Amino acid sequence: MNNLNLKKHISGQFNVELEEVLNQVLVMGGLVEQQLTDAITAIHTQDVDLARSVVANDQQVNHLEVDIDEDCTRIIAKRQPAASDLRLVLAIIKTITDLERIGDVAKRIGMMVVDNANKKQPPLVSMENMGHRTVKMLNASLDAFARMDVAAAIEVHKEDSKVDREYESIIRELMTFMMEDPRSIPHVLNVLWCARSLERVGDRVQNICEYIIYFVKGKDVRHRSNEDIYNLLDPKG
């Protein structure tokens, strides 16, 4: 991990403990990224074995969330951090919550693939494209988190609008599919849920980017537009 930006913001006595926790966050993030990648592959190829492995591996992500959360609680109790040190711990706690929920999405997609094996399904090309975009966003947000890079976080934050547009396009495609073949409605509803879940992954990645900005700049940018974020972070402001 590149700690050049990190060391500008945390005090020396916290370096060892916080860097270890940050490394664990990145391990957890890597696992979640792989889970999401595998889930998207499984739904596109209807690979039931891969889907089952996604479901089974979710426990590892859950255990990491609990371990990191306990480490953060211990740091708060032991060190009583203030200012940027406390912001970093809070950013970590919030980040692992969003990562765990992204992992839950991957697990539920895997379960859906297993439950609907060998059933007729609508075309999923658009779904795969949307899924790969969310994976790229997640990867870029974790890279920005490792470097605490605000500029990179802002760029990832903007990508969510593309995910939203792809989601709207998928909804239109699935509605057409249901009208052409009403018997497909139960399965299409599952796919609609999957599309909505991937759209929410984009929102959770945005959250991670906002936590990076909160840690580095000390400013809460939740629920703000990209333009508002730029204005808020403008050094002349």
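The values are calculated or read from the model by the stated rules, or taken from the named source; none is laboratory data. Keep in mind that what you see is a predicted model, and the values were worked out from it rather than measured. Please note: Cβ atoms are built from the backbone with ideal geometry, for glycine as well, and neighbour counts cover all protein chains shown. All accessible areas refer to the heavy atoms of the entire protein, side chains included, with ligands and DNA or RNA removed. Shrake-Rupley method; radii C 1.70, N 1.55, O 1.52, S 1.80 Å.
Give me the angle, in degrees from 0 to 90, between the Cα long axis of helix 83-115 and the longest principal axis of the Cα atoms of the chain, rounded to the nearest 10.
The two axes meet at around 10 degrees.
Provide the packing ranking of 88-100, 153-165, i.e. peptides ordered by the mean count of other C-beta atoms within 10 Å per residue, highest first.
Details: 88-100: 21.5, 153-165: 17.9.
The densest-packed peptide leads the list: 88-100, 153-165.
Once neighbouring chains are kept in place and the probe is 1.4 Å, which whole percent of the accessible area of the chain is contributed by carbon and sulfur?
Details: 5790 of 11560 Å².
Ligands and nucleic acids excluded, carbon and sulfur give 50 percent.
Could you work out [θ]222 nm for the chain from helices alone, using -39500 (n - 2.57) per DSSP H run of at least four and dividing by all its residues? Round to the nearest 500 deg cm²/dmol.
Working: 8 runs with 195 residues, N = 237.
Estimated from H runs of four or more residues: -29000 deg cm²/dmol.
Over the chain, with the other protein chains present, what is the accessible area per residue in square angstrom, probe 1.4 angstrom? Can you show the working numbers first?
Numbers: 11560 Å² over 237 residues.
Roughly 49 Å² per residue, with all protein chains present.
Between the helical axis of 125-147 and the dominant principal axis of the chain, each derived from Cα atoms, what acute angle in degrees is found, rounded to the nearest 10?
10 degrees
Within the chain, count lysine pairs with alpha carbon atoms under 16 angstrom apart where the residues are 8 or more positions apart or belong to different chains.
On the way: LYS7/LYS217; LYS8/LYS217; LYS94/LYS219; LYS136/LYS158; LYS136/LYS162; LYS217/LYS236; LYS219/LYS236.
Taking the Cα cut-off of 16 Å, the pair count is 7.
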